[in-house]
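Note sheet for the following structure.
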Amino acid sequence: MLDLYPRVNPGPPRPSRILTASSALPATGSERYEVQGNGATLIRVGAGDRVTVINTEGGQRVELVAADGNGRIDAGLLGVVPNSDAGGLKALLAAGPRLGSGMGGLRLGLERRGIDLAKAGAVALFGTETAAGTEETFTATRDGVLVVAAPGGDMTPDGQETATPVGVRVQRSALMTVKGFELPDPLADPVLDLRVKSATARAYFVKAGDYIQVIDVDGRQCTDFQAFAARKLDKGIEHALDVTTSRTLMGHAYSMPGLHSKYYDQDMLPLLEVVQDTVGRHDAFAMACAAKYYDDIGYPGHPNCSDNFNGALAEFNVSGRPGWMAVNLFFNTGIDAHGVLYSDEPWSRPGDYVLFRALTDLVCVSSACPDDTTPANGWYLSDIHVRTYSGAEKFSRAIAWRATPDSEPKMTKDTAFSERTGALTRNVVEYKGYWLPQVYSSNGAIEEYWACREKAVVLDLSPLRKFEVTGPDAEALMQWTLTRDVKKLSVGQVVYSAMCYEHGGMIDDGTLFRLGRDNFRWIGGDDYGGIWLREQAEKLSLKVMVRSSTDQLHNLAVQGPNSRKIMRRMIWTAPHQPTVEERGVVPLYRGARGRAGRGAGRCVADGLYRRAWGSRCSAIRRTAAPSMTRCGSMGAIWACVPWVWPRWTWCGSRRG
């Protein structure tokens, strides 16, 4: 029988106390990071910290470069001797954004610390045969920084030497406390570096086109943000950013990167847009905290954001108000089933940020919220930091997302074809970590549907998840996890299949390529497909690697009745391979169009895929559609290219 009686503590009554993060949750001092394949990350370490590097998917080379506080590179900081010259890291930095992930920020971080990689003595870990989950642990002998790189280079479509993520765990010898976290490196050279101290507010001017980065330095700290069009203020018009207008025009609870990105004033003048957001949980319903709020709950005279706004904006001759409408960044609120507005501890972690772009000259104000009476600031009050960057800098739109609930957040990316599709539409949506066109500006979904049924369309399918499955037990693994008889698949052949649990429930569907006797490529729609394959391989003790190549292989689909006629004009095949005309159903084969780079394709019914590795996609774009023009009814976009079958269209993420 259930015990329904409350627990009674013996003895006299005890005074109540405020629950804090330290009393409610255990402080472990454990941090984790994920270094993307073909990427690198800089991590601060202290004496006694234990650093564990995990080869998450196996077969990934890793380079470690350790430097002390003076910028002197010394592997002894990790208690080891160097065995490499950091050639992989140098290659990533030389390639820049074409190949590496986050290389611009890393380069700036190295420069700010005076670290010269020309004199690097690195520690090389792991190799192409390293099993998934292999770990190496080091203990820092003194304070410094550690650069962890996962180099790899380009991967050809018929090759399988991909670059995969590397995990890093840091166990701190001394627990990091609020106001003990370091400010993260800037995204570029800052125009303004402004610290907003706890329980205060600061006002600042931002030029049109410049970027505003609002950073939660220690995590779980709310900041109220407000902005005015500077030219209106010059005329004495004090129209602040209006969240009600913004919610109405955007159709969202708060603006976010992508199609619903702007904030407006009450005249519907766009003031700024959201470019990047690493948190994805904010508030645009509640006002900034005000004196009346604290008076009502029994804390008269408590510091509040509205009064702090009034003091900061006085410099710009803005009239004070008893309460301010604001965008409450990092404020974790929601509306429950009864229509009640509730709040909880913020989702933001140390270093999380929101990046805005000013659409006109602005006067902005940011606070570090002083509310210590609710979970709104995680029961600790800390600082907010604001940086602005020149509009000449280039920052792609991005939001943080997680493939699985316990995975590290990743920022959304453009595909290798975004430059081409971006010239045709700004209507894009986030799809599994990538930005994809939803519909093109001069035509609509119905026209795209009929183009696919009657002519041909080109779709960007780069977000499809690709996994390289290699090793002596690769066939056994795929035979166990797919519904197809994989043993019948010959080298160079492609089949469609379902991936199922043991009980028959479906996980995903996709295509399986056989690239060799023990070499396969699985292409599906979800990251969990690769996770499931690795789990099954470990469970069955199979000798096989399952490594992601999604970022290495971006692909277009040419689909519709005219797809074969289009592609046979563009693809050259080796003499020992059949041409497009000679095949009813085209298996995987290598082909090329001039010097555009090699591609691999398949044709099933009336669809053909064009695959290429990321660094060559721009060349293939130019080859595939050198003179995209607008013609046809209702302004639909058709590519009237003389050397291809007439009338085909780029198509958005909608597929008929």
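Observations
- By accessible area with a 1.4 Å probe, ligands and nucleic acids excluded, highest first: order of His385, His260: His260, His385
- Region 28-174 shape via C-alpha gyration tensor axes, a/c threshold 1.5: oblate
- Given their separation in residues at 0.36 nm each and the Cα-Cα distance between them, Arg14 and Gln479 gain 161.0 nm when the chain is fully extended.
- Glu419 paired with Lys207, simple spin-label distance in nm, labels 7 Å along Cα-to-beta-carbon: 2.6
- Amide H to amide H distances under 5 Å link Thr415 with Trp435, where only residues 5 or more positions off or on other chains count and H is placed in the peptide plane.
- Full-extension gain in nm, Glu111 to Thr244, via 0.36 nm per residue minus C-alpha separation: 43.5 nm
- Whichever lysines have a C-alpha closer than 18 Å to that of Lys455, once near sequence neighbours (fewer than 8 apart) are set aside: Lys565
- A straight chain from Val81 to Asp509 at 0.36 nm per residue would run longer than the Cα-Cα distance by 149.3 nm.
- Spatially proximal lysines relative to Lys394 (Cα-Cα < 23 Å; intrachain offsets below 8 disregarded): Lys90, Lys207, Lys262, Lys410, Lys413, Lys432
- Modelled spin labels at Leu269 and Tyr501, positioned 7 Å past Cα toward Cβ, are 5.6 nm from each other.
- Accessible heavy-atom area order of Glu161, Glu136, highest first, probe of 1.4 Å: Glu161, Glu136
- The residues of region 527-579 expose, per residue, 43 Å² of accessible area to a 1.4 Å probe.
- Radius of gyration over Kirkwood radius for region 204-313, both on Cα atoms: the Rg/Rh ratio is 0.97.
- Prolate/oblate/rounded call for region 156-244, Cα gyration tensor, a/c under 1.5 rounded: oblate
- Restricting the calculation to Cα atoms, every distinct pair contributes to the Kirkwood radius of region 175-227, found to be 13.1 Å.
- Under 5 Å, built H, 5+ apart or other chain: amide partners of Leu271: Tyr263, Tyr264, Asp265
- Measuring nothing but protein heavy atoms, the accessible surface of region 25-159 at 1.4 Å probe radius is 50 percent carbon and sulfur.
- Global form of region 46-124, assessed from the alpha-carbon gyration tensor, a/c cut-off 1.5: oblate
- Region 363-454 - percent of accessible surface contributed by carbon and sulfur, probe 1.4 Å: 52
- Simple label model, 7 Å out from Cα along Cβ direction - Arg169 to Thr139, nm: 1.7
- If you take the alpha carbon atoms of region 87-157 and fit the smallest convex hull around them, that volume is 129 Å³ per residue.
- Alpha-carbon centroids, region 153-179 and region 210-274: separation in whole Å: 35
- Rolling a 1.4 Å probe over the heavy atoms of the protein chains gives region 211-347 an accessible area of 42 Å² per residue.
- 14 Å reach of a label modelled at Glu393, 7 Å along Cα-to-Cβ, counting backbone N of region 356-370: 356-358
- Cβ-derived FRET efficiency at R0 30 Å, Arg195 paired with Lys262, nearest 0.05: 0.60
- Legend: translational diffusion of region 271-357 by Stokes-Einstein, Rh = Kirkwood radius over C-alpha pairs, 10 °C, 1.306 mPa s; D = 107 µm²/s.
- Taking Arg514, Arg534 and ordering them by how much accessible surface each has at a 1.4 Å probe, largest first, produces Arg534, Arg514.
- Reach of Lys119 by Cα under 13 Å, taken over aspartates and glutamates that are not fewer than 8 positions away in the same chain: Asp74, Asp85
The values are calculated or read from the model by the stated rules, or taken from the named source; none is laboratory data. Owing to the predicted nature of the structure, the values given are computational and were not obtained by experimental measurement. Ideal geometry is used to build each Cβ from the backbone, glycine not excepted, and the neighbour counts take in all protein chains shown. Surface accessibility is based on the protein's heavy atoms, side chains included, excluding ligands, DNA and RNA. Shrake-Rupley method; radii C 1.70, N 1.55, O 1.52, S 1.80 Å.
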